[in-house]
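Have a look at the structure below, then the notes.
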Amino acid sequence: MTDDKTPTTRQAVAAQDRSGKLTVSGKLKVALDEMLFKGSRRAEAAAAAGMTDHGLREAMKKVHVKRYYNAGLEVLRTSERARNISALAKVRDQSDNSMAVVSAAKALEQLAEPNGPGGRGGGRTGAGWAIDLSEPQLPGLVIVIRPREEASALPSKMIDVTPNDE
């Protein structure tokens, strides 16, 4: 009997650098990190990790892989936030295009007050649900669901759908 850990079967050799069940490690982790943090396309990331594009595409259909990928996107999004604000401020301060300056200023205000006067929330605060059916750049229909106690604080342009006690 030998203590040598080298795999002897074809299946063991093939499974050597694979992720465990419901985990993201090995070649899959390398490929996903390549996509997330180096900006590689899927096929390039798969090749860099020693996988096939098909293998990576099929792995990305799995829930635990999507969860890892989405968590990585959130890390990337959060870490890039400061640069986005700096880029908007630079456009606002240095652009010759007046529309770009106004758009950058509006975007900065919306970042500062997401539910304030310039934000998508339109100044609404407090508890409740807001269902925004508008397009990203165009104002549209917003449905606000609030507790009965807050109804008096809502704007006058409101449709009351409270059921009668009858």
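The values are calculated or read from the model by the stated rules, or taken from the named source; none is laboratory data. As the structure is a prediction and not an experimental result, all values here were calculated from the model. When we count neighbours, we look across all protein chains shown, and the Cβ atoms used for this are built from the backbone with ideal geometry, even at glycine.
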* With respect to S40, determine if the residue is of a type in the set (S, T, N, Q) and surrounded by fewer than 16 Cβ atoms within 10 Å (Cβ to Cβ). => no
* For segment 50-69, indicate whether the set of residues that are modelled with pLDDT under 85 and in a loop (DSSP other than H, G, I, E, B) is non-empty. => no
